[in-house]
Amino acid sequence: MACHSSNYAQTALHQQLNTAYEQYREPSLTQKRFKHTDLLPLIEKRSNHPLFKVTKAGESVEGRAIYVVKVGTGKTKVLLWSQMHGDESTATMALMDVMNFFEQKDGLDAIRKQLLNQLSIFMIPMLNPDGAERFQRQNAMGVDLNRDALRLQNPESKILKQVRDDLQPAWGFNLHDQSRYYAVGNTSKPATISFLAPAYNEQKEVNETRGDAMKLIVVMNKMLQKYLPGQVAKYSDAFEPRAFGDNIQKWGTRTILIESGGHYNDPEKQFIRKMNFLALMTALESIAQQPTLVRVWITTKIFHSIKVGYTTLYCERYKYNLTIKLLN
Ligand SMILES: [Zn+2]
């Protein structure tokens with residue numbers, strides 16, 4: 001078999017995506033406030049697209065449809081859900097950019113094909129459309145869905161639980177926004193992106209599931225530091241027994257929380273949206289790679305030892321070769 005050009009291998013995926021981003025950016029979403037009616041045509045147009053499978057997972061309290069959009073046919077399942085809190089829309093925009101990426105044909109066809117062959121990617125953009133309608137955190141019943149993972153008293157919570165249980169995904173991405181006033185540790189820099197591999201018990205132990213999530217965070221952090229030096233943080237890992245991230249980790253899906261915070265001169269969060277896109281694509285690339293190719297310079301101990309939130313990830317100091325093992 002002929003060798004492929006080495007150009008592709010020498011330029012990291014994030015660099016190529018950064019350069020070509022305008023091709024993927026969903027042009028109809030330009031501000032952080034948008035509604036279910038703005039999103040619907042973007043989802044519905046995929047229902048007839050050969051790459052996608054669109055499934056209605058259920059309805060919100062007020063009867064708005066909540067969809068799962070699938071792309072890829074690989075054996076490793078990845079589930080991403082955004083806007084569980086109605087006023088946290090940054091990652092919803094990024095997910096629409098991810099969908100656009102897979103529809104394009106360009107110089108990145110090789111990696112596109114690899115991702116589609118190795119992964120089955122399931123996206124729930126806007127889990128809380130009633131909250132998005134009002135641009136509020138809670139759903140139409142005034143409930144914070146992220147405290148309803150066990151009681152499951154709301155249709156939106158039931159949908160997320162049902163989809164997770166049906167799919168049993170290897171990886172889960174819980175996509176939120178946080179206050180733009182949070183800083184990284186005791187620095188004056190904004191926590192533009194914060195990560196967490198949520199704890200699955202009070203002791204905040206690290207098992208293989210949570211450890212893998214931590215390692216993937218290190219991969220994303222390393223990439224983001226090139227664009228957001230000193231502006232990536234770790235979210236507090238106090239165990240919250242009613243929260244989805246904590247429980248989904250407990251149920252065996254490697255779960256990563258991504259919080260979009262603030263960035264300089266970015267009130268509509270359009271730069272942060274792009275950083276979300278780069279982080280998610282980098283994560284998908286890492287998951288799709290052969291496990292032996294993924295080398296992460298970290299021990300999980302640094303996460304375990306950090307007690308307080310908003311602390312920078314000083315990953316490079318901990319040189320330790322580990323691999324991310326994949327679960328089907
Ligand atoms: Zn949130």
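The values are calculated or read from the model by the stated rules, or taken from the named source; none is laboratory data. What you see is a predicted model, and the numbers here were worked out from it, not measured in a lab. Cβ placement follows ideal geometry from the backbone for every residue including glycine, while neighbour counts extend to all protein chains displayed.
When the residues of region 89-116 are filtered to those that are more than 16 Å from the ligand (Cβ to nearest atom) and among the aliphatic types (A, V, I, L, M), which remaining residue is farthest from the chain's Cα centre (by Cα)?
The residue in question is ALA110.
Can you say whether PRO41 is farther than 22 Å from ARG112 by Cβ and modelled with pLDDT of 95 or more, as far as the supplied structure shows? Show your work before the answer.
Working: farther than 22 Å from ARG112 by Cβ: yes; modelled with pLDDT of 95 or more: yes.
Yes, satisfied.
Just need a number here: residues in region 179-192 that are within 16 Å of the ligand (Cβ to nearest atom) and surrounded by fewer than 20 Cβ atoms within 10 Å (Cβ to Cβ).
4
From the list PHE195, PHE173, which residue is within 16 Å of the ligand (Cβ to nearest atom), within 28 Å of TYR264 (Cβ to Cβ), modelled with pLDDT of 95 or more and not aliphatic (A, V, I, L, M)? Spell out the reasoning first.
On the way: PHE195 fails: modelled with pLDDT of 95 or more.
Sole residue among the options that is within 16 Å of the ligand (Cβ to nearest atom), within 28 Å of TYR264 (Cβ to Cβ), modelled with pLDDT of 95 or more and not aliphatic (A, V, I, L, M): PHE173.
Would you check if there is a residue in region 237-251 being farther than 18 Å from HIS85 by Cα, out of contact with any His (no Cβ under 9 Å at 6 or more places or on another chain), crowded, with 20+ Cβ neighbours inside 10 Å and hydrophobic (A, V, I, L, M, F, W, C)?
Scanning region 237-251 turns up no residue that is farther than 18 Å from HIS85 by Cα, out of contact with any His (no Cβ under 9 Å at 6 or more places or on another chain), crowded, with 20+ Cβ neighbours inside 10 Å and hydrophobic (A, V, I, L, M, F, W, C).
What tally of residues in region 117-151 results from selecting those that are away from the ligand (no atom under 16 Å from the Cβ) and buried (at least 22 other Cβ atoms within 10 Å of the Cβ)? Show your work before the answer.
From region 117-151, those away from the ligand (no atom under 16 Å from the Cβ) are 117-123, 133, 140-141, 150-151; that's our starting set.
Still in the list and also buried (at least 22 other Cβ atoms within 10 Å of the Cβ): 119, 121-123.
The qualifying residues number 4.
So which of GLU62, GLU22, GLU44 ends up being touching a helix residue (DSSP H, G or I) at 6+ places or on another chain (Cβ under 9 Å) and among the charged types (D, E, K, R)?
Exactly one of GLU62, GLU22, GLU44 is touching a helix residue (DSSP H, G or I) at 6+ places or on another chain (Cβ under 9 Å) and among the charged types (D, E, K, R), namely GLU62.
Among residues belonging to region 198-211 that are modelled with pLDDT under 85 and not in a loop (DSSP other than H, G, I, E, B), point out the one that is farthest from GLN270 (Cα to Cα).
That would be GLU208.
So if I check each of GLY58, GLY72, GLY63, GLY86, which one is within 16 Å of the ligand (Cβ to nearest atom), at pLDDT 95 or above and over 13 Å from the mean Cα position of the chain (by Cα)? Before the answer, list the steps.
Working: GLY58 fails: within 16 Å of the ligand (Cβ to nearest atom); GLY72 fails: within 16 Å of the ligand (Cβ to nearest atom); GLY63 fails: within 16 Å of the ligand (Cβ to nearest atom).
Among GLY58, GLY72, GLY63, GLY86, only GLY86 is within 16 Å of the ligand (Cβ to nearest atom), at pLDDT 95 or above and over 13 Å from the mean Cα position of the chain (by Cα).
Which pairs turn up if I take residues in region 78-92 that are over 18 Å from GLU59 (Cα atoms) and look for partners that are hydroxyl-bearing (Ser, Thr, Tyr) and away from the ligand (no atom under 12 Å from the Cβ) with beta carbon separation below 8 Å, at least 6 apart in sequence or on another chain?
If the second residue must be hydroxyl-bearing (Ser, Thr, Tyr) and away from the ligand (no atom under 12 Å from the Cβ), the pairs left are VAL78/SER120; LEU79/THR253.
Inspect all residues belonging to region 158-180 and state whether any of them is among the aromatic types (Phe, Trp, Tyr) and assigned to a loop (DSSP other than H, G, I, E, B). Step through it out loud before you land on a result.
Going through region 158-180, the residues among the aromatic types (Phe, Trp, Tyr) turn out to be 171, 173.
This time we only want the ones that are assigned to a loop (DSSP other than H, G, I, E, B), so: none.
Among the residues of region 158-180, not one is among the aromatic types (Phe, Trp, Tyr) and assigned to a loop (DSSP other than H, G, I, E, B), which makes the answer no.
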